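One structure below.
The values are calculated or read from the model by the stated rules, or taken from the named source; none is laboratory data. Everything quoted here is computed from the prediction, not taken from an experiment. Ideal geometry is used to build each Cβ from the backbone, glycine not excepted, and the neighbour counts take in all protein chains shown. Heads up: the accessible areas ignore ligands, DNA and RNA and are worked out on the full protein's heavy atoms, side chains in. Shrake-Rupley method; radii C 1.70, N 1.55, O 1.52, S 1.80 Å.
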Amino acid sequence: MHICLLVVRRPSRLICGSALALIALAAPLAPAKVQAQQEPQKALESTGSPFNLEGVRALLVRGDAAVAKGNLAEARKLYDQARDACRRLLGFYRDLSGSFRGLDARIPREMDQKGREALETMAQANLRLAALFRRQNQPEVAVPLLVEVVKVMTPASPEGRKAFQSLVEIGFAATPYTSGAAATPGS
């Protein structure tokens, strides 16, 4: 969009006022995309913030990169930070959801959805951390993490099945879980 101004010899105050008036008239005609770009980003929406799930997922990715480089101490630190951030987020989402129940159903729905996503992310962090402990021959440290995944995600979820399978592999549980298959009496 081009704005052409005709400059006529007038006192500078009138020219500035006319230019501002033209800009004000043209502003509503500007595309919404341009206006949206001018809105400042919300501080907690950046991936560097541990107060959003994208930030927590970024910690997991950094932990995965540390594992790939063989830096297991750094990976453990990053996975622990992701787990702690998920726990805090879960508490905040729960508190907000409860505070708005009966007042505005949209907010509890949003917080409940974010809570489910935080649980899934925490389960991923637990699984990665448990795998790290298993790699370091510390299966006893992995057990509580794996049990927590089964508990919060249920054995029927992919994360829960993976966690329980790991518990069977390290010898904490002996009976394999076969989801969907009928249990045979007496076996």
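Scanning region 76-119 for residues that are among the acidic types (Asp, Glu) and assigned to a helix (DSSP H, G or I) turns up Asp80, Asp84, Asp95, Glu110, Asp112, Glu117. Restricting region 112-122 to residues that are farther than 21 Å from Phe164 by Cβ and out of contact with any Cys (no Cβ under 7 Å at 6 or more places or on another chain) leaves a set whose member that is surrounded by the most Cβ atoms within 10 Å (Cβ to Cβ) is Gly115. Here Pro108 fulfils each of the conditions (1) within 22 Å of the chain's Cα centre (by Cα); (2) modelled with pLDDT under 95; (3) open to solvent by 10 Å² or more (accessible area, probe 1.4 Å) apart from (3). Residues in region 55-69 that are within 13 Å of Thr121 (Cβ to Cβ), without any contact (Cβ under 8 Å) to a residue 24 or more places away in the chain and surrounded by 14 or more Cβ atoms within 10 Å (Cβ to Cβ): Ala58 alone.
For region 127-138, indicate whether the set of residues that are modelled with pLDDT of 95 or more, open to solvent by less than 30 Å² (accessible area, probe 1.4 Å), under 23 Å from Asn52 (Cβ atoms) and out of contact with any Phe, Trp or Tyr (no Cβ under 6 Å at 6 or more places or on another chain) is non-empty. Checking region 127-138: at least one residue is modelled with pLDDT of 95 or more, open to solvent by less than 30 Å² (accessible area, probe 1.4 Å), under 23 Å from Asn52 (Cβ atoms) and out of contact with any Phe, Trp or Tyr (no Cβ under 6 Å at 6 or more places or on another chain).
Here is a yes/no grid of residues against (1) crowded, with 17+ Cβ neighbours inside 10 Å; (2) among the basic types (Lys, Arg); (3) without any contact (Cβ under 8 Å) to a residue 40 or more places away in the chain:
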residue: Gly98; (1), (2), (3): no, no, yes
residue: Gln124; (1), (2), (3): yes, no, no
residue: Glu140; (1), (2), (3): no, no, yes
residue: Ser166; (1), (2), (3): yes, no, yes
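Does region 70-79 include one or more residues that are touching a residue at least 60 places away in the same chain (Cβ under 8 Å), open to solvent by 30 Å² or more (accessible area, probe 1.4 Å) and farther than 21 Å from Ser157 by Cα?
So the first thing to find is which residues in region 70-79 are touching a residue at least 60 places away in the same chain (Cβ under 8 Å), and the list is 72.
Filter once more, so that each one left must be open to solvent by 30 Å² or more (accessible area, probe 1.4 Å): 72.
Next, only the ones that are farther than 21 Å from Ser157 by Cα stay: 72.
Yes; the residues of region 70-79 include at least one that is touching a residue at least 60 places away in the same chain (Cβ under 8 Å), open to solvent by 30 Å² or more (accessible area, probe 1.4 Å) and farther than 21 Å from Ser157 by Cα.
Does Gly63 count as small (Gly, Ala, Ser), modelled with pLDDT of 95 or more and in a helix (DSSP H, G or I)? So that I can check it myself, show each step before the final result.
Working: small (Gly, Ala, Ser): yes; modelled with pLDDT of 95 or more: yes; in a helix (DSSP H, G or I): yes.
For Gly63, the condition - small (Gly, Ala, Ser), modelled with pLDDT of 95 or more and in a helix (DSSP H, G or I) - is met.
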